[in-house]
Amino acid sequence: MKLTQVLDVLRTLAPERLAEPWDAVGLQLGEADQRVKRGLLCIDLTEPVLAEAIRRKADLVVAYHPPIFKPLAALTEAEVKQRIVLRAARTGMAIYSPHTALDAAEGGVNDWLASGVGEGDARPIRVAEVPASGADNRIFELVVFTPKEDVDRFRAKLSDAGAGVIGHYSQCSFNLMGEGTFLGDETTHPTVGLANRLERVPEVRLEMIVPADRLADAVHVVRTEHPYEEPAFYIFPLHAPEQVSAATAGQGRVVTLRRPVKLATLVSRLKKHLGVKHLEVATADGADEVQRVGLCAGAGGSLLAEAGDVDVFFTGEMRHHDVLSAVASGVSVVLAGHTQTERPYLPVYRERIIAAGAAGVQWQVSEVDGPPTALR
């Protein structure tokens, strides 16, 4: 598959507009037209993971945490982050990061975490703000009237400019035969017929969709590649269906259990879901029964204040004094370790990527990617 096709799948699962404003999600290294045969999924693109990617001949690494988070002042072998990017570039490897977009997305990391809490209703703590219709995800319909003999060539030109692309199909169009008429004055030089004479020409009404960011390119093609001296065309705004719902996407989750459980039962469920033997638990006084659980992958302590009335807050890591404040306010805290709330999702992510349309790539989950610390 082309990298741009793979990115379409990744962005469908986790639209980048859902990411936090401070984040650095998206394509960090690579060219849209390069071919992707093998992909590697990881949480952190460390030097051992990069070596694994090179050994596995990966063309693309999807690193959950952005390898380039702050601007790099240079690309040398002297500093580890620079070294990783430089060596990946030398091999022609692409790097993409979904990070907080994947946290917020429906079916993403936080939804997966919520599924391990137990049966109940889940909602985002901080609901995603879905862009208005004036945002960059708008879709337009371009309608052009073209002589029958020119329509195939002209359609291909528009396709090269980004029109008529639906999923993995290009040159998608609707064509309707009809008759065009025109009468040019003495200053005109019509492609068909003569000036000062009414002409009738078999024409095709050619309709193609165009995303907002390619509309200017498509109009340029109409003005420069159309056989007519004065081409007739129309542009209609369309209302594209949202890929996410504002009610179900956003940062963090609050799960309201259908039946209250003991704190020990919740902790047991979370251990099984994450595949870990140990969790850190700070128990609030008299908080043995749990019905409302707030959660967030990674370092999600900042969302506790927005979670409302919860009995437990579950995340990867929190500051010591924030844990003390939570317990003092009657909220128990469960901590799994930062990446232990993220890494178990990677096999799920792999299956979702394949099912969403990127089965043409051989996807593997990194075997050397792991937390920087371990219990001994």
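Quick rundown of the values:
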quantity: Some residue of the range 73-94 being in contact with a strand residue (DSSP E or B) (Cβ under 9 Å, 6 or more places away or on another chain), of a type in the set (S, T, N, Q) and surrounded by fewer than 18 Cβ atoms within 10 Å (Cβ to Cβ); calculated: no
quantity: Candidate set from the range 191-202 (those that are in a strand (DSSP E or B) and in contact with a Pro (Cβ under 9 Å, 6 or more places away or on another chain)); member that is farthest from Pro227 (Cα to Cα); calculated: Glu199
quantity: Matching residues in the range 266-304 - criterion: being out of contact with any strand residue (DSSP E or B) (no Cβ under 7 Å at 6 or more places or on another chain), surrounded by 14 or more Cβ atoms within 10 Å (Cβ to Cβ) and hydroxyl-bearing (Ser, Thr, Tyr); calculated: Ser302
quantity: So Gly360, is it assigned to a loop (DSSP other than H, G, I, E, B), out of contact with any Cys (no Cβ under 9 Å at 6 or more places or on another chain) and not assigned by TED's automatic domain parsing to the domain that holds Pro124; calculated: yes
quantity: Residue count for the range 135-190, restricted to those that are touching a residue at least 24 places away in the same chain (Cβ under 8 Å), surrounded by fewer than 18 Cβ atoms within 10 Å (Cβ to Cβ) and in a strand (DSSP E or B); calculated: 12
quantity: Residue check for Pro237: more than 30 Å from Cys296 (Cβ to Cβ) and at pLDDT below 90; calculated: yes
quantity: Among residues of the range 191-202, those that are touching a residue at least 40 places away in the same chain (Cβ under 8 Å) and either on the phi > 0 side of the Ramachandran plot or out of contact with any helix residue (DSSP H, G or I) (no Cβ under 7 Å at 6 or more places or on another chain) (or both), counted; calculated: 3
quantity: Residue within the range 341-355 that is surrounded by fewer than 17 Cβ atoms within 10 Å (Cβ to Cβ), closer than 26 Å to Glu47 by Cβ and of a type in the set (Asp, Glu) present; calculated: no
quantity: Hey, Arg319 in contact with a helix residue (DSSP H, G or I) (Cβ under 7 Å, 6 or more places away or on another chain), among the basic types (Lys, Arg) and assigned by TED's automatic domain parsing to the domain that holds Gly275 or not; calculated: yes
quantity: Restricting the range 147-199 to residues that are among the polar types (S, T, N, Q) and closer than 30 Å to Thr12 by Cα, the residue that is modelled with the lowest pLDDT; calculated: Ser170
quantity: Qualifying position, being within 17 Å of Asp44 (Cα to Cα), in contact with a helix residue (DSSP H, G or I) (Cβ under 8 Å, 6 or more places away or on another chain) and of a type outside the set (Gly, Ala, Ser), among Val293, Val368, Val281, Val334; calculated: Val368
quantity: Qualifying residue in the range 312-328 (condition: closer than 20 Å to Ala104 by Cβ and out of contact with any strand residue (DSSP E or B) (no Cβ under 9 Å at 6 or more places or on another chain)); calculated: no
quantity: Failed condition for Ala58, given (1) over 24 Å from the mean Cα position of the chain (by Cα); (2) assigned to a loop (DSSP other than H, G, I, E, B); calculated: (1)
quantity: Filtered residue count, the range 1-29, keeping only those that are in a loop (DSSP other than H, G, I, E, B), among the aliphatic types (A, V, I, L, M) and over 8 Å from the mean Cα position of the chain (by Cα); calculated: 4
quantity: Positions within the range 356-376 being over 22 Å from the mean Cα position of the chain (by Cα) and loosely packed, with under 15 Cβ neighbours inside 10 Å, in sequence order; calculated: Glu367, Val368, Pro372, Thr373, Ala374, Leu375, Arg376
quantity: Residue list for the range 203-219, filter: in a strand (DSSP E or B), among the aliphatic types (A, V, I, L, M) and surrounded by 22 or more Cβ atoms within 10 Å (Cβ to Cβ); calculated: Val204, Leu206, Met208, Val210
quantity: Filter pass, Leu50 being within 21 Å of the chain's Cα centre (by Cα) and surrounded by 19 or more Cβ atoms within 10 Å (Cβ to Cβ); calculated: no
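The values are calculated or read from the model by the stated rules, or taken from the named source; none is laboratory data. For clarity, every value in this text was computed on a predicted model and none was experimentally measured. Neighbour counts run over all protein chains shown; Cβ positions are idealised from the backbone, glycine included.
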